[in-house]
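Worksheet: one structure, shown below.
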Amino acid sequence: MLVLAGVLASAASSASAFDISNDVPKDSGRFDLFRFGFKAYKNGDKQKAVEAYRYAAEKGHTGSRWALANMYAFGDGVPENDYEAFKAYAEIVNQDVEPGSPDTGFYINALLALASYYQSGIPDTPVEKDLVQARQLYFQAASVFGDPDAQFHLAEMILNGEGGAKNVRLAKKWLNLARKNGNVGAMAVFGDLIFNEGQPVLGLAYLTMAVDRCGPGECAWIRDLQEKCFSVVDETDRRGAIALAHNMSVSANP
């Protein structure tokens, strides 16, 4: 289990006092506090939600700590503060979470968030850019928990030689696994790789499926890859790729 004690030690600070006696008794259990925070959030009272989540997190409720981290990460109800978000995510990662436990989703999300922070660092904080740490965190989420987003990001780092040696063959293995697990970006990059390795029809087929399945935030770059590859092949290969994409789309794990 990765331990981020070094950064957390430099970030340690006493929790602020919290009194919600008018809404929930101070001796309420962590689940009651979480439910109160969730209800306050849904009702638009995000300040109460933040305080309730913080108090529940202090009592060991992982979901509350995750919710609080997300609020800081996105400036949702509090001023955006990546360092506060980082500390909360790190506290989740430093817990012992077994795959399949109720807290697994929170743990994976925290791993991905920390990896992303380490890829760029957080200015004016102790969190410096650390590609080795980022790659290790993605590897943990990809291998132990089988998360397709982590598998994709890990493959990209391996493909670019970030945080360790560049290894195209290994990157392709992770990309192939990620795209089988439903990651559209991985499908596109995998298709582009094999296209440029001399498999134009199969590569274009994967790119075509990726364009059909992509979400709003990723369609532009995926479509650019597809159009670039389509522009350098003949009509026979284009038709073959479209037909193959259709056939694979109706098959399980093409």
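Only the coordinates and a few stated rules stand behind these numbers; no lab work does. Here the structure is a predicted model, which is why all the values come from computation and not from measurement. In this analysis, Cβ positions are derived from the backbone assuming ideal geometry, glycine residues included, and neighbour counts consider all displayed protein chains.
When every alpha-carbon pair in the stretch 183-254 is counted, what percent end up more than 18 Å apart? Let's see the in-between values first.
Numbers: 706 of 2556 pairs.
The proportion of pairs with Cα distances above 18 Å equals 28 percent.
Lysine pairs in the chain 8 or more apart or on different chains: how many have alpha carbons under 18 angstrom apart? Could the numbers behind the result be given before it?
Working: 26/39; 26/48; 26/59; 39/48; 48/59; 59/87; 87/129; 172/180.
So the count works out to 8.
Quickly estimate the mean residue ellipticity at 222 nm for the chain, helices only: each DSSP H run with n ≥ 4 gives -39500 (n - 2.57), and the total goes over all residues, rounded to 500.
Details: 13 runs with 168 residues, N = 254.
My calculation for the chain gives -21000 deg cm²/dmol from helical runs alone.
Which of 120, 28 has the fewest other C-beta atoms within 10 Å, and how do the rest follow up to the most? Let's see the in-between values first.
On the way: 120 14, 28 19.
With the sparsest Cβ surroundings first, the list reads 120, 28.
Lys and Arg at +1, Asp and Glu at -1: add these up for the other residues within a Cβ distance under 14 Å of residue 74 and post the number. Provide the component values of the computation, followed by the final result.
Numbers: positive: 46; negative: 76, 80, 82, 84.
Once positives and negatives cancel, what remains is -3.
Which of rounded, prolate or oblate describes the stretch 76-150 when judged by the alpha-carbon gyration tensor and an a/c cut-off of 1.5? Before the final figure, lay out each step's value.
Numbers: a/c = 2.21, a/b = 1.37, b/c = 1.62.
Note, shape of the stretch 76-150 comes out oblate.
Using only Cα atoms, tell me the angle between helix 200-213 and the longest principal axis of the chain; keep it within 0 to 90° and round to the nearest 10.
40
With no other cysteine's Cβ closer than 4.7 Å, which Cys residues of the chain count as lacking a disulfide-compatible partner?
Cys with no partner Cβ under 4.7 Å: 229.
Tell me the net charge near residue 249. Cut-off is 14 Å between Cβ atoms, residue 249 excluded, with +1 for each Lys or Arg and -1 for each Asp or Glu.
That sum, taken over residues with Cβ under 14 Å, equals +2.
Rounded, prolate or oblate: which one fits the chain, using the alpha carbon gyration tensor with axes a ≥ b ≥ c (rounded when a/c is under 1.5, else prolate when a/b beats b/c, else oblate)? Write out the running numbers ahead of the final one.
Working: a/c = 2.74, a/b = 2.09, b/c = 1.31.
Taking the square roots of the gyration eigenvalues as a ≥ b ≥ c, the chain is prolate.
Could you state the number of Å between the C-alpha centres of the stretch 113-133 and the stretch 136-161?
First find each Cα centre; the distance between them is then 16 Å.
Quick one: compute the contact order of the chain, relative version, from alpha carbon pairs under 8 angstrom and 6+ residues apart, as a percent. Can you show the working numbers first?
Numbers: 353 pairs, mean separation 24.0, N = 254.
Reported as a whole number, the value is 9 percent.
Arrange the peptides 222-235, 197-210 so that the one whose residues have, on average, the most other Cβ atoms within 10 Å appears first. Could the numbers behind the result be given before it?
Numbers: 222-235: 14.4, 197-210: 21.6.
Put in order of decreasing packing, that is 197-210, 222-235.
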